[in-house]
Amino acid sequence: MPENSLCRETFVVDDRPAYPYRVLGNRYTPSTTASSTQRSKAHEQRVSLIFLHAVGMFKECFEPVIENLFKDHSTLQTPSGKSVVVDEAWSLECPCHGQSAVMNASDIAKNHNGAWSYKEYAASTHTFLRGRPGGHDLLQRKLVLVGHSLGACIIPYLLQMEPKFDVHCIISAEPLRGPVSKRMDKGSKVFSDMALCRQDVWLSRSQARTYFESHPFTKSWHPTVRKLFLEFALADHPASKLAEPYPFKGVMLACSRENEAAIYRSLAQDNEGYYLMTALYAGGVPLHYMYDKNPPALTGFVQPGLLLCNGLRPATAHAVNGGHMFFQADPVEASDLLAKVIAYEKMAGISTAVARL
C-alpha cells in the first residue's frame, strides 16, 4: 500500500464457539479526509463498501482499487443531483485464505473434514459484519456489497441470514454461477485439478516473486497487487519450526491447494445459489453485473444465464477488460466502473423483468 494514501486497520471478530473460526477484515479510510459536500444531508447518501474476494485471493487484494476510488471518486453525483459519499471500505477474508488461514490453522485442522464449502465464506462474512469489529456497527450503515467471483457467489446466501443489512446496491463481478450441469462440473474439474497440481512452496519470497512475475495467471496483475500477494497470501512453511539444523526458511501458499480445490467443487455442485441469485435480481436492491468481455469457453458459457437470469435482467451490466481477474489487472478501470454503478439511480418505469416469448 503506497505510503500515506490509505489508512488500513485490521480487525478480528472472534465468535467461537458459536462460529468456529476467527474472521479477519481490513477497514480502509482516506489518509486525509476530503472536503465534505456542501449539499444538505437530505441530498446525501453515505455508504460503506464491503469487498469480498475470489478463490485463492486475500483481503488486501483490492487495495489499489480502493486507493483510486478514494482519490477520484469519494463523492459521487447521481443523475438526479444527489450525492453518494464513500465513507469507508472494508475487505473481508475467507477463513482459509491469507493471514486468516495462518491464524485459523489449528481450528481448521480440528474442525475441517476436507470438504471445505464455499458457503463458509458467507457464514464468516455475516459473523464479521454483525460482530461490531473495532466497535463499528455495520448494521447501522448503508452497505455496498462488492463480490468478485467467489465473493459474488456468496452474496445470495449472505443476504438470507439474520440479522439483515441495509444494502445500497450489489455489485456481482464475474461470478461463475449457474445451475448444476455437466459443463459446470467440467469447469470445476479443470480448476480443481489446476489447484491440486500447482506449485505451492518456494525457497524464499524472492524466488516466489520471480515465479509470479512470469506465471500466466499473475503476470498481468498490477505490480502492487503482486507485491501484496507476496506479503499477505504467502506464509512461512511449517518446517521453519524444525529443530536445528533442519529449519526450512521457505514460504507456501496460505490457502492450501486442497481447500481451494474443495471450494471449486462445492460451487459446481450447488444448485440453490443460482436460484437465490434470481431472487436478488427480482428484489428491490439494484444488482449490477460485471463480466469478462472476452471469456474463455470454459467459463464464458455462464454469462447468458446471468445477463438474463430466469427472465430477469440485472439493473446494469458491464463488460470489462482485464479478464476474470480485472480487479487485480486494472485497478483504475475497476474503480471507475465501481463509481459509475454506485451512483446509479433506477429511472421510473424501468423494469428488470423480461417477457418470456
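Quick look at the values:
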quantity	calculated
Whether the range 121-206 is rounded, prolate or oblate, judged on the alpha carbon gyration tensor where a/c under 1.5 counts as rounded	oblate
Residue-by-residue Karplus 3J(HN,Hα) for the range 96-110, coefficients 6.51, -1.76, 1.60, Hz, glycine and proline x	9, 10, x, 5, 4, 5, 5, 5, 9, 3, 5, 5, 5, 4, 7
Size of charge dipole - the range 54-168 - debye, nearest 20, with Cβ of Lys, Arg +1 and Asp, Glu -1, no other charges	280 debye
Extreme residue, positive dipole direction of the range 189-319, given options Asn271, His288, Ser204 (C-beta unit charges)	Ser204
Gain in span if fully extended, Val102 to Lys189, counting 0.36 nm per residue against the direct Cα distance	28.6 nm
Neighbour-count ranking [beta-carbon atoms within 10 angstrom, fewest first] of Cys96, Cys197	Cys197, Cys96
Average Cα contact separation per residue, the chain, under 8 Å, 6 or more apart, as relative contact order %	20 percent
³J(HN,Hα) computed for each position of the range 47-61 - Karplus, 6.51 cos²θ - 1.76 cosθ + 1.60, integer Hz, glycine/proline x	10, 10, 8, 10, 9, 10, 8, 7, 4, x, 9, 7, 5, 7, 5
DSSP bridge pairs, the chain: antiparallel proportion in percent, nearest 5	40 percent
Pairs beyond 23 Å (Cα-Cα), from Lys71/Lys219; Lys59/Lys142; Lys227/Lys340; Lys142/Lys164	Lys71/Lys219; Lys227/Lys340
DSSP H segments from the chain that extend 15 Å or more along their own axis, Cα-based, with Kyte-Doolittle mean of 0.5 or above	331-342
Cα gyration tensor shape of the range 243-357, rounded if a/c is under 1.5, else prolate or oblate by comparing a/b with b/c	prolate
Proximal aspartates and glutamates to Lys186, defined as alpha-carbon separation beneath 15 angstrom and excluding residues fewer than eight positions away on the same chain	Asp270
Prolate/oblate/rounded call for the range 58-147, Cα gyration tensor, a/c under 1.5 rounded	prolate
For the chain, size of Cβ-based charge dipole, Lys and Arg +1, Asp and Glu -1, in debye	560 debye
5 angstrom amide H check on Leu234, placed H, neighbours 5+ away	Ala254
Rough spin-label spacing in nm, given labels placed 7 Å along Cα→Cβ, for Thr29 and Ser181	4.7 nm
Semi-axis lengths, Å, the range 109-155, gyration tensor of Cα atoms, sqrt of 5 times eigenvalues	24, 16, 6
Lys/Arg +1, Asp/Glu -1 at C-beta; the chain dipole; positive extreme among His318, Ser181, His148	Ser181
Extension gain (nm, one decimal) between Thr210 and Glu272, 0.36 nm per residue minus Cα-Cα	18.2 nm
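No lab work stands behind these numbers, since they all come straight from the coordinates. No experiment lies behind these values; they were computed from the predicted model shown. Positions of Cβ are backbone-derived with ideal geometry, glycine not excepted, and every protein chain shown enters the neighbour counts.
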